[in-house]
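Single-structure report; data block below.
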Amino acid sequence: MKEVKVFQQMYRDGQVTRREFLSVMGALGLSATAAGGFLASSSALAATPNRGGSVISASNLHGPDDTLDPIVCTSTIDYIRQCTSYNGLIQIWDNMSLHPELAEEWSVNSNATEYTFKLRKGVTFHDGSAFSADDVLWSMNRHLGKDSPSSIKAFFAAVVEWKKIDSHTVKLSLSSPDADMPIKLTQFQAKIVKKDTTDFSKGAGTGPYLVEAFQPGVKSVHVRNPNYWRDTGQHLDAIEITAITDPNARLNALLSGDVDMMTVLSAKSIKKVEETDGVEVMSVPAGLYGGICCLKNTAPGKDDDFVMGLRMIQDREKIVRSFLKGHGQVGNDHPISPAYGADHCNELAQRTYDPDKAKWHLNKSGISSAELFVAPVQGGIEETCLLMQQNLAKIGFDLKLKKVPTDGYWGAVWMKEPLNVVTWNMRPTANAMMSIQFGPGGNWNDTFWNNERMGKLLKMSLAETDPAKRHEMHCEMQTLVHNDAGMVIPYHTNVLDAKSTKVHGFSNVPLGQLGGNGWAEFIWKDA
Amino acid sequence: MSETQKSMNPSRQFDELPDAPPKRKIRLSWAGKIGIAVLVFWAIMVVIGPSIAPYHEAEFLEESLFIVPGSDEKYPDTDFQPPSRIVLLGSDYMGRDTLSRILFGARTTIGISFIATILAYLIGVTLGIAAAVGYRFEYRGFTIIELDTVLSRLNDALLSIPSIMLGLVMIAALGSTIPLLIFLTGIIYAASVFRIARSLGQEVMVSDFVEAARVRGEGLWWIITREILPNVAMPLATDFGLRFVWVILFISALSFLGLGVQPPMSDWGSMVKENLPGLIYGSVAPLIPSLAIATLTISVNMIVDDISAQTGGKLAKRMIS
Amino acid sequence: MIWRALFGRLCISVVTLFVVSVLIFIGTNLLPGDVAQILLGQMATPDSLAALQAKLGMDQAAHVRYFMWLRDVATGDLGFSKAGLGAGNATPIVQIIEPRIFNTLQLTSMVAVIAIPVALFLGLLAAMHPGTRLDRTITFSTLNLISVPDFLVATFLVLVFAVYLGWLPSIAYLRGDETGWGLIRALAMPTLTLMIIVSAQIIRMTRATVLNVMSSPYVEMAILKGVPRRRIILRHALLNAIGPIVNVIALNLAWLVGGVVIVEQIFAYPGLAKLMIDAVLVRDLPLVQACAMIFCASYVVLIFIADMASILSNPRLRYPK
């Protein structure tokens, strides 16, 4: 097991990242392999985990639609529960590094159109039955087909088929190259369930915790799985997962010790958490952003000068300083924040607050008033819109804000009203983010900006393995979006949560709350 | 006996037409007088508030205003600042001036609640009296529908759904512009006004003097305008005060759930809600709008108490629901 | 006479329930987006949306869905939660609602058991000594409490008792096996908040009603006769005030069943009101309807009890002319 040791060392030194992994797999055609046992947060490696105890986690949203069915899960609380009940083929951990989970190792052909996964043996589901290739096939096929309600269907659009080679080997063939496929398989929706499952409320996967009770919209209780295949985690005896929808109540519950961790800390409350003993802020820089969509297929967004005016009027520094309390970065009107690592284009000049230029552009567009639909889809977006309204008023532009509720927003307002606000979570790769939002003709091209060059670059960069060339392509894409798309992206916000100082072992994955939601197996609580 | 009870014995002089109720003189206690003073104060603020406010309600205060001389901090916090010479009542969660928002908000809050309550009364009383006098749709002498039955069932239905749910669904469905907010709040509260007006009206309808009027051959319209309305006016006016307060609280509850007045306009209820995170820092931002609501509520109720103590009757019974 | 009234009420209740179900259906259908759209959220595609809509029967016309629901309910079948079905856990609505009803009743009864006697006592106390400092204190503080938005009361109590003093839990998080002291501790905060809101109203009404009766001729007669004050209040006034007081209590109880959205939200208490809000947010129509039916039924029952109480306590109503 020399490879594992080397891997472990590299990992501790922070050397192994997603990018290296890709080059290892894609360019050299090697298979990645490692055994379980090193998967703990680098920040926590020094301490010895305490075994026992239980935690209560409070998310921000839940309801009758809470689910343990991987393919339809859409909210933080669902993601957390997926990670207690199930495993995926591959998992993502600190510094966006990839690790084998149910797939012991995987390999890819030279043009990234065929993947072979060797599955782990001796893994059992909670009901005692053995895990095999059939379960993988069944689970993955649920994302395919016209009738699939999967929320990550688009990631698997290029899948030709999943094929069983033997009881513990499966092969995936793609119609077009995709070097990012292993990363896509780390999504919560791609967790592996038992073949022919009909009742998902039992959560009977292969995961580290068994579902003891599950009441949608109330809470769920999970206890340690005694027959788990990996023996390094599972420090807690039990985990309770609930939500407290009111942000102040959630904070108060944490401060008074009634819950051990909470998701979505409001920037206004950071100071309080910082000055209180026994609790701490978790702030992870991410690609998460709030922005304004100007539909390019209709007025006023189709006027380039109008959109440019809105970009110029953003007082980005002030937004980050006073609304995000410094827990974020100024945006540059494209979604790829520095958190995307090498794919972020730092050569592109930062756009700054310039009311004179904004006035010039708006005058040129001949538009003097507009209506923007605002829903509190993300902390900071309402404040941003109000500030924008005030700054626009100073240069004689009348922006009306129409506040609408968040529920129903994605179906009724987003991609429908000419001007609306949007938030996008960070995606695992820059390419995934760009193609989902700016791929020409895509389902979620929410500014209806169809750029041919953009489409070409997306395809080319996915197959490109030379880091320098790739970076160049990404820079060109970011510049295109920065100047031509209908998006105004004034800020990227950190993923903000808070926890008791007694709980340790979270990763730093910026793809979701509380270190990417996958903490259940790995955290522990001081006695 | 207390002072209030003494003043309750009116001298029975009929110096008016016999069919009109005796003129009531209301003497206010000191509490009532303070109430009137506060109401007058807010009424003036509704008119001149925005013009005497130090800043605009939507204005984010510049960070430079808060720089402490001698300090090298270029960008001090502007949110949840304590009262000072720059912001007399402190600043809110986005760094806006609380005093200005209270002054601007007076117009929105009192305006919306007042018009909505009036609307509730117009609808509630009209329908309530119509139901009480037993209006029915007839066809060739057969009663097709009794107005009372139809309205009462509809009214039961409206009342039995918690008003906050009703408001949530209706406003989320139709949008939260100010006219709609007023209209929907008016409808929701018309249900309880209807209940009161109807029962008051029914009581008057069976009274001896209405029977006498009927025997005299007076028409329905005459009875409604000359007998019923004068007799129900006072209790309804008293109820108006309480209802008005509930409407304010209802709208603030709506803003807790994220519906209500649109930003950047301020209303007191949403000001309490949006500044709640400041409570934990000991900021006065959520308390001041709440205090403003309280002054309004308490003064209205002080006056109501005075009036109800002196007009007698079964007033209290009608103020429920 | 009571049996006849009971039967009459039953018929009326069925009509009311029907009207409520129609209103709720129309209301929720006006809301933007249907259950499938909400479940899929931002990541909906035309394909997946159509697939889920078909699965949930949302592809049928609205009125067809309503009548299908009505038919099921008429046969005693509340059906499945649409949101649950879409999310891969087919949960019968009965199974969702049952624990919620239990929780709501638990909280309601706890509030009622404490708040009602306390409020009645304080109300009577104020009425017995009108105009005194005691009366003024009680009146003023209840007025104060009525006028503060409930979310401010709740947040304030949490800050004091949970965050700073650490005496009570900040949320009413039930493990499901609490008994005795543990249960009381868990429910303490929401109970305290609701007690404050509910008893303020009952105190005001009790005081007003009793004082009102005190001004009636027969009480004046008793006073002149020299009957002791305490006896007058307890024997004459209170008995006659029962009707309106019971009415207020009934309305407050009805509100406790369905109107305590904000308190349930702040204390993360899994009661019925929060269930309905959650159901509205995901447009889970059968679940919304089920909640509305429960609210409506409890309102009807409580009002019936209140009416019966006032009839039984009042000879004139017991034997109508």
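All of the numbers you see were taken from the coordinates with simple rules; none came from a lab. Quick caveat, the model's predicted, so the values are computed rather than measured. When we count neighbours, we look across all protein chains shown, and the Cβ atoms used for this are built from the backbone with ideal geometry, even at glycine.
Taking a ≥ b ≥ c as the square roots of the eigenvalues of the Cα gyration tensor, chain C is classed as oblate, since a/c reaches at least 1.5 and a/b does not exceed b/c.
Hey, could you get me the Stokes-Einstein D for the range A:172-222, Kirkwood radius over alpha-carbon pairs, 20 °C and 1.002 mPa s, rounded to whole µm² s⁻¹? Each step should come with its number before you reach the end.
On the way: Rh = 13.6 Å.
Translational D for this selection: 157 µm²/s.
Taking packing as the residue-averaged number of other Cβ atoms within 10 angstrom, the listed peptides A:171-183, A:388-400 run from highest to lowest as A:171-183, A:388-400.
Under the membrane-span-like helix rule (DSSP H runs whose alpha carbons stretch at least 20 Å along the helix axis, mean Kyte-Doolittle hydropathy -1.0 or higher), chain C yields C:2-30, C:93-128, C:133-147, C:180-214, C:238-258, C:285-313.
Looking only at other chains, what is the average number of their beta-carbon atoms within 10 angstrom of each beta-carbon in B:249-257?
Values: counts 5, 1, 0, 5, 6, 0, 2, 9, 6.
Counting Cβ atoms of other protein chains within 10 Å of each residue's Cβ and averaging gives 4.
Placing unit charges on the Cβ atoms only, positive for Lys and Arg and negative for Asp and Glu, gives the range C:1-85 a dipole magnitude near 380 debye about its Cα centre. Per residue, the convex hull spanned by the alpha carbons of the protein assembly as shown comes to 197 Å³. Provide the FRET efficiency to the nearest 0.05 for the B:S207-B:Y135 pair, computing r from the beta carbons and using R0 = 22 Å. Here the calculated transfer efficiency is 0.70. For A:V374, the residues whose amide H sits under 5 Å from its own are A:K402, A:K403, A:V404, ignoring neighbours fewer than 5 places away on the same chain, with H placed 1.01 Å from N.
The Cα atoms of the range B:83-320 define a convex hull whose projected area, averaged across directions, is 15.8 nm².
Listed by chain and number, the lysines placed with their C-alpha closer than 16 angstrom to that of A:K171 are A:K118, A:K163, A:K184; residues fewer than eight positions away on the same chain are left out.
Rounded to whole numbers, the Karplus 3J(HN,Hα) couplings from phi for the range A:161-178 are 6, 9, 10, 8, 8, 9, 4, 10, 9, 10, 10, 10, 10, 10, 7, 9, x, 8 Hz, using 6.51 cos²θ - 1.76 cosθ + 1.60 with θ = phi - 60°, and x at Gly and Pro.
Among the listed pairs A:K325/A:K394; A:K403/A:K499; A:K219/A:K268; A:K202/C:K55; A:K318/A:K499; A:K364/A:K400, those with a Cα-Cα distance over 23 Å are A:K325/A:K394; A:K403/A:K499; A:K219/A:K268; A:K318/A:K499. Each residue, B:T126 and A:D147, gets one label point 7 Å from its Cα in the Cβ direction; the gap between the two is 5.4 nm. Across peptide A:142-151, the mean count of Cβ atoms from other chains lying within 10 Å of each residue's own Cβ comes to 5.
If the reach is capped at under 15 angstrom between alpha carbons, list the aspartates and glutamates near A:K525, excluding any in the same chain fewer than eight residues apart. List returned: A:D237, A:E240, A:D258, A:D260, A:E280.
In sequence order, the range A:106-111 has phi-based couplings of 9, 9, 9, 6, 5, 9 Hz under the Karplus curve 6.51 cos²θ - 1.76 cosθ + 1.60, θ = phi - 60°, and Gly or Pro positions carry x. Measuring spread by the Cα atoms of the range C:121-268 yields a radius of gyration and Dmax of 19.0, 60 Å.
Against the empirical 2.2 N^0.38 Å (N residues), chain A has a Cα radius of gyration ratio of 0.97. Taking other C-beta atoms within 10 angstrom as a stand-in for reagent exposure, B:V215, A:V307 fall in the order B:V215, A:V307, fewest first. Taking the range C:169-197 and a reference point 7 angstrom along Cα→Cβ of A:S54, the backbone N atoms nearer than 19 Å belong to C:169-187. For A:R224, the residues whose amide H sits under 5 Å from its own are A:L210, ignoring neighbours fewer than 5 places away on the same chain, with H placed 1.01 Å from N.
Using 1/(1 + (r/R0)^6) with R0 = 60 angstrom and r between the beta carbons of C:L312 and B:V40, what's the FRET efficiency to the nearest 0.05? My answer for the efficiency is 0.85.
Averaged across the residues of C:261-267, what count of C-beta atoms belonging to other chains lies within 10 Å of each residue's C-beta? Display every interim value, and only then the final one.
Working: counts 7, 6, 0, 2, 6, 9, 4.
The mean count of partner-chain Cβ atoms within 10 Å per residue comes to 5.
Label zone of A:D127 (point 7 Å out along Cα→Cβ, amide N under 13 Å): in the range A:198-218 this covers A:198-206. Rounded to whole numbers, the Karplus 3J(HN,Hα) couplings from phi for the range A:461-468 are 5, 5, 9, 7, 10, 7, x, 5 Hz, using 6.51 cos²θ - 1.76 cosθ + 1.60 with θ = phi - 60°, and x at Gly and Pro.
Placing a label point 7 Å from the Cα of C:K55 along the Cα-to-Cβ line, the residues of the range C:83-120 whose backbone N sits under 12 Å from it are C:83-90.
Here the label points at B:A237 and C:V15, each 7 Å from Cα along the C-beta direction, are separated by 3.5 nm in the simple model.
Put simply, when A:123-129, A:89-95 are sorted by average Cβ atoms within 10 angstrom per residue, most first, you get A:89-95, A:123-129.
Applying 1/(1 + (r/R0)^6) with R0 = 25 Å to the Cβ-Cβ distance of A:N109 and A:D466, what FRET efficiency is obtained, to the nearest 0.05?
Calculated transfer efficiency: 0.85.
For A:D258, A:D277, the sequence from fewest to most other C-beta atoms within 10 Å is A:D277, A:D258. Entry note, the protein assembly as shown: the mean residue ellipticity at 222 nm calculated from DSSP H runs of n ≥ 4, each adding -39500 (n - 2.57), is -15500 deg cm²/dmol after division by the residues and rounding to the nearest 500. Each of C:D47 and C:V118 was given a label point 7 Å from its Cα along the Cα-to-Cβ line. The distance between the two points is 6.0 nm.
Straightening the chain between A:R453 and A:K364 buys 29.4 nm, computed as 0.36 nm per residue apart minus the Cα-Cα spacing. In this structure, the amide hydrogen of A:V495, modeled 1.01 Å from its nitrogen in the peptide plane, lies closer than 5 angstrom to those of A:V284, A:A286, counting only residues at least 5 positions away or on a different chain.
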